[in-house]
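Accompanying notes for the structure given below.
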Amino acid sequence: MISVLLIGMGKFGRTLGEKLLGMGDEVMIVDKNEDVINSLAPRYTNALIANCMSLDNLETMDIPSFDACVVTIGDDFQASLEITSNLKDCGAKKVVSRAMTEIQRKFLMRVGADEVIYPDADIAEKLAVRLNTDNVINFVDLDSQYSIFEIALPKKWLKKSLVEINPRGQYGMNILTVKNGGNVISSLDGSYVFQEGDQLLVFGNTEQLLAFTNKQK
């Protein structure tokens, strides 16, 4: 469980807040819109109506006590920039800010953001991958070159062992785990035989993984 200060309760902020609550985290929400805060306050650990562009307002919130501060404002970049900077001035341990463009990301990093997220770009990227690769269930970018993909079992792998397939040698991928229904097989050895319904969590070069999954159509 972590403590999170969530600034900006638009659609993305609300979605993130619900996810954090579902994980048992302590979440304080802040927005300058009184109606928004009044409607959401009963669900959260604490809620405050405030303009966080004001350093004086932030200083009343004991910023260093939070494990993470998240600025989810998407429609006012100037506000996002100033709030990110103010949070660092107030001693925030970690600041995660939302950007809409690469230029915004660069400016947010310059004023102190520890991490910058692109929710719209991430959604678009995942949709593009799913549209092009029917057997990709989900994926996570680790950096500009490597990813983890969750994929359906290729038909030609059915009833064959891991050593027969040799995914690392043949396709440049490492199989991290196999899921089948409610079962998770975390310790694989070469004798494992792939079964109907297997879903594979694989790690490798993103371009190689995309090339591989495209061939499975």
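Of all residues in the range 181-192, exactly one satisfies the criterion of being at pLDDT 90 or above and surrounded by 13 or more Cβ atoms within 10 Å (Cβ to Cβ), namely Y192.
One line per residue, one yes/no per condition, for (1) touching a Leu at 6+ places or on another chain (Cβ under 6 Å); (2) closer than 21 Å to F107 by Cβ:
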residue: L16; (1), (2): no, no
residue: I29; (1), (2): yes, no
residue: L40; (1), (2): no, no
residue: N51; (1), (2): no, yes
residue: C69; (1), (2): yes, yes
residue: G74; (1), (2): no, yes
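Number of residues in the range 126-142 that are open to solvent by 80 Å² or more (accessible area, probe 1.4 Å), at pLDDT below 75 and closer than 19 Å to L201 by Cβ: the value is 2.
K11 meets all of the listed conditions (1) in contact (Cβ under 8 Å) with a residue 24 or more places away in the chain; (2) out of contact with any Phe, Trp or Tyr (no Cβ under 7 Å at 6 or more places or on another chain) but one, namely (1).
Number of residues in the range 81-119 that are in contact with a Lys or Arg (Cβ under 9 Å, 6 or more places away or on another chain) and loosely packed, with under 15 Cβ neighbours inside 10 Å: the value is 1. Answer yes if at least one residue in the range 155-178 is modelled with pLDDT of 90 or more, touching a Pro at 6+ places or on another chain (Cβ under 6 Å) and more than 30 Å from L81 (Cβ to Cβ), and no otherwise. Among the residues of the range 155-178, at least one is modelled with pLDDT of 90 or more, touching a Pro at 6+ places or on another chain (Cβ under 6 Å) and more than 30 Å from L81 (Cβ to Cβ), which makes the answer yes. Filtering the range 9-27 to residues that are surrounded by 17 or more Cβ atoms within 10 Å (Cβ to Cβ) and not in a helix (DSSP H, G or I) leaves M9, D25, V27. Here's a check for you: in the range 145-199, which residue that is in contact (Cβ under 8 Å) with a residue 24 or more places away in the chain and part of a helix (DSSP H, G or I) is nearest to L209 (Cα to Cα)? So, considering only residues that are in contact (Cβ under 8 Å) with a residue 24 or more places away in the chain and part of a helix (DSSP H, G or I), the one nearest to L209 (Cα to Cα) is Y171. Restricting the range 196-217 to residues that are over 26 Å from the mean Cα position of the chain (by Cα) and open to solvent by 70 Å² or more (accessible area, probe 1.4 Å) leaves a set whose member that is modelled with the lowest pLDDT is K217.
Does the range 46-68 include one or more residues that are hydrophobic (A, V, I, L, M, F, W, C) and touching a Phe, Trp or Tyr at 6+ places or on another chain (Cβ under 7 Å)? Can you show your working first?
Keep residues of the range 46-68 that are hydrophobic (A, V, I, L, M, F, W, C), which gives 47-50, 52-53, 55, 58, 61, 63, 66, 68.
From the residues that got through so far, the ones that are touching a Phe, Trp or Tyr at 6+ places or on another chain (Cβ under 7 Å) too are none.
Within the range 46-68 (the criterion being hydrophobic (A, V, I, L, M, F, W, C) and touching a Phe, Trp or Tyr at 6+ places or on another chain (Cβ under 7 Å)), the answer is no, since none of the residues qualifies.
The values are calculated or read from the model by the stated rules, or taken from the named source; none is laboratory data. Predicted model, so just to flag it, every value in this text is computed and none were measured. Quick reminder, even Gly has a Cβ in these numbers, built from the backbone with ideal geometry, and neighbours come from all protein chains shown. For accessibility, only protein heavy atoms count, side chains too; no ligands or nucleic acids. Shrake-Rupley method; radii C 1.70, N 1.55, O 1.52, S 1.80 Å.
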